[in-house]
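A.B. asks: Sharing a structure with you now.
The values are calculated or read from the model by the stated rules, or taken from the named source; none is laboratory data. Source: prediction; values computed, not measured. A quick note on method: Cβ atoms are made from the backbone with ideal geometry, for glycine too, and the neighbour counts reach across all protein chains shown. Ligands, DNA and RNA are excluded from the accessible area calculation, which covers all protein heavy atoms including side chains. Shrake-Rupley method; radii C 1.70, N 1.55, O 1.52, S 1.80 Å.
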Amino acid sequence: MFDVMRTVSFRRCVVAGGVAAVLLGGAVFAQTANSQSAIPALGSREFAFLAIGADWMDPPAGSGHGPIKPDPEHPFRGNVGGGQATLRIGNSKDTVLKPWAAKLMLDSNEEALSGKRDVPFAAQARCYPGGVPGQLLYPAEPFYFIQTPKVVYMIWQRDHMVRHIFMTDKHSANPKPSWFGESIGRYENGELVVDTIGLTGTPKMSFIDNFRTPHTEKLHVVERYTVSPDGKNLSAVVTVEDPDTFNGTITLSKTWFKVDRPMEESVCSENNFDFFDQGLVPIPEAKQPDF
């Protein structure tokens, strides 16, 4: 299936002046910042970031095509603002979609609207990794950063899924496709910039959003993370390119608010079955025990 790091030991993150230091597993790592590569304070065991909503927001003005929206005939209403929640039915008629992608979205919409699948597939709800950039949309539990000079880790409390961002300037020649792909990063003007390729394009399970917008293994994602001046929010602008799926670049944005709490244990697959016969996608199961 996929490798998941279950436990990560880290103690604290210290940012002072132009030096960011992380104490990880008893060893101290430090990296000097300069005007071109100031290091944002992202990592700590005492605070994390919690998503605002479960959908992409519009990007800054002038960024081009934004996120896929709900089908105009089926407006989406979540369960936070009151009233009856609706299903997420994406706009399969969006002209940015290649024909095969539009057809796959249309089929998924019809499957949901017909009642064949009462609850459409959502990766994190069924214990699958959300991929890149889809994993960033999980709203119910926070995620944490660990910063070291060679690797930045993003760790979701939900099922303790771990994404590795290697702080280098060059991708592997032929990275093997995986759920989180191969991410390389750098610090630029106080931002963390992440470039990702090598993402698996599993049909009907690999999406860039919760409207089930698909992609192929040619997906290329660039994320720019910025901490707000008051330190209370984290934001990201994400560009998505896939010449086999989209007719142009899609630009997305997301905001998280800072929460002061340590990580808790959260296991997805315990008792996560289709008790109400809603046609849910089965959760992943290993072919043999790990021990």
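A.B. asks: For the structure I just gave you, tell me whether residue 125 is in a helix (DSSP H, G or I) and either within 14 Å of the chain's Cα centre (by Cα) or at pLDDT below 95 (or both).
C.D. replies: yes
A.B. asks: Then there's this: Could you list, in sequence order, the residues of region 136-151 that are in contact (Cβ under 8 Å) with a residue 24 or more places away in the chain and not in a loop (DSSP other than H, G, I, E, B)?
C.D. replies: 136, 137, 143, 144, 145, 146, 147
A.B. asks: Also, quick follow-up: Hey, any hits in region 226-237 for a residue that's polar (S, T, N, Q) and within 14 Å of residue 67 (Cβ to Cβ)?
C.D. replies: No: zero hits.
A.B. asks: In this structure, is residue 53 touching a residue at least 60 places away in the same chain (Cβ under 8 Å), in a loop (DSSP other than H, G, I, E, B) and at positive phi?
C.D. replies: Values: touching a residue at least 60 places away in the same chain (Cβ under 8 Å): yes; in a loop (DSSP other than H, G, I, E, B): yes; at positive phi: yes.
The answer is yes for residue 53.
A.B. asks: If the Cβ limit is 9 Å and pairs must be 6+ apart or interchain, which residue in region 269-291 that is closer than 28 Å to residue 114 by Cα and of a type in the set (Val, Ile, Thr) pairs with which residue that is at pLDDT 70 or above and open to solvent by 100 Å² or more (accessible area, probe 1.4 Å)?
C.D. replies: Listed pairs, sorted by first residue: 281/204; 283/273.
A.B. asks: While we're here: Among the residues of region 238-264, count how many are in contact with a Pro (Cβ under 6 Å, 6 or more places away or on another chain) and crowded, with 17+ Cβ neighbours inside 10 Å.
C.D. replies: 4
A.B. asks: When you go through (1) in contact with a strand residue (DSSP E or B) (Cβ under 9 Å, 6 or more places away or on another chain); (2) in contact (Cβ under 8 Å) with a residue 60 or more places away in the chain; (3) open to solvent by 40 Å² or more (accessible area, probe 1.4 Å); (4) not basic (Lys, Arg) one by one for residue 133, which number turns out not to apply?
C.D. replies: (3)
A.B. asks: Of the residues that sit in region 93-110 and are open to solvent by 50 Å² or more (accessible area, probe 1.4 Å) and not β-branched (Val, Ile, Thr), which one is nearest to residue 275 (Cα to Cα)? Please lay out each step first, then the result.
C.D. replies: Narrowing region 93-110 to residues open to solvent by 50 Å² or more (accessible area, probe 1.4 Å): 93, 95, 98-100, 103, 106-107, 110.
Among the residues that remain, those that are also not β-branched (Val, Ile, Thr) are: 93, 98-100, 103, 106-107, 110.
Details: 93: 34, 98: 36, 99: 36, 100: 33, 103: 30, 106: 27, 107: 25, 110: 23 Å.
Going through the qualifying residues, I end up with 110.
A.B. asks: Still on this structure: Test of understanding: among 203, 139, 120, which residue is open to solvent by 40 Å² or more (accessible area, probe 1.4 Å), over 24 Å from residue 243 (Cβ atoms) and at pLDDT below 95?
C.D. replies: Exactly one residue qualifies, and that residue is 139.
A.B. asks: Only one of (1) at pLDDT below 95; (2) surrounded by fewer than 19 Cβ atoms within 10 Å (Cβ to Cβ); (3) of a type in the set (Lys, Arg) is not met by residue 88, so which one is it?
C.D. replies: With respect to (1) at pLDDT below 95; (2) surrounded by fewer than 19 Cβ atoms within 10 Å (Cβ to Cβ); (3) of a type in the set (Lys, Arg), residue 88 is out only on (2).
A.B. asks: Please tell me if residue 253 is closer than 23 Å to residue 78 by Cβ and not in a loop (DSSP other than H, G, I, E, B).
C.D. replies: yes
A.B. asks: Among the residues of region 206-229 satisfying the criterion of being of a type outside the set (Phe, Trp, Tyr) and not in a loop (DSSP other than H, G, I, E, B), which is most open to solvent (accessible area, probe 1.4 Å)?
C.D. replies: Within region 206-229, the match that is most open to solvent (accessible area, probe 1.4 Å) is 224.
A.B. asks: Determine if region 241-249 includes at least one residue that is at pLDDT below 95 and in a loop (DSSP other than H, G, I, E, B).
C.D. replies: Looking for residues that are at pLDDT below 95 and in a loop (DSSP other than H, G, I, E, B), one finds none in region 241-249, hence no.
A.B. asks: Across region 165-194, what is the number of residues that are without any contact (Cβ under 8 Å) to a residue 60 or more places away in the chain and within 20 Å of residue 240 (Cβ to Cβ)?
C.D. replies: Residues of region 165-194 that are without any contact (Cβ under 8 Å) to a residue 60 or more places away in the chain, as a first pass: 165-177, 180-185, 193-194.
If we keep only those that are within 20 Å of residue 240 (Cβ to Cβ) as well, we get 165, 171, 175, 177, 180-185, 193-194.
Number satisfying all stated conditions: 12.
A.B. asks: Here's a check for you: in region 159-200, which residue that is of a type in the set (D, E, K, R) and closer than 21 Å to residue 144 by Cα is surrounded by the most Cβ atoms within 10 Å (Cβ to Cβ)?
C.D. replies: Narrowing region 159-200 to residues of a type in the set (D, E, K, R): 159, 163, 169-170, 176, 182, 186, 188, 191, 195.
Then keep just the ones that are closer than 21 Å to residue 144 by Cα; that gives 159, 163, 182, 186, 188, 191, 195.
Values: 159: 19, 163: 23, 182: 20, 186: 15, 188: 12, 191: 20, 195: 18.
Among those that are of a type in the set (D, E, K, R) and closer than 21 Å to residue 144 by Cα, it is 163.
A.B. asks: Search region 32-43 for residues that are under 20 Å from residue 153 (Cβ atoms) and open to solvent by less than 30 Å² (accessible area, probe 1.4 Å) and pair each with any residue that is modelled with pLDDT under 60 and β-branched (Val, Ile, Thr) when their beta-carbon atoms are under 6 Å apart and the residues are at least 6 apart or on different chains.
C.D. replies: That search, which allows pairs on different chains as well, returns 43/22.
A.B. asks: Also, quick follow-up: Looking at residue 110, is it among the charged types (D, E, K, R) and either closer than 25 Å to residue 179 by Cα or in a loop (DSSP other than H, G, I, E, B) (or both)?
C.D. replies: For residue 110, the condition - among the charged types (D, E, K, R) and either closer than 25 Å to residue 179 by Cα or in a loop (DSSP other than H, G, I, E, B) (or both) - is not met.
A.B. asks: Inspect all residues belonging to region 195-202 and state whether any of them is touching a residue at least 12 places away in the same chain (Cβ under 8 Å), farther than 30 Å from residue 269 by Cβ and either assigned to a loop (DSSP other than H, G, I, E, B) or aliphatic (A, V, I, L, M) (or both).
C.D. replies: no
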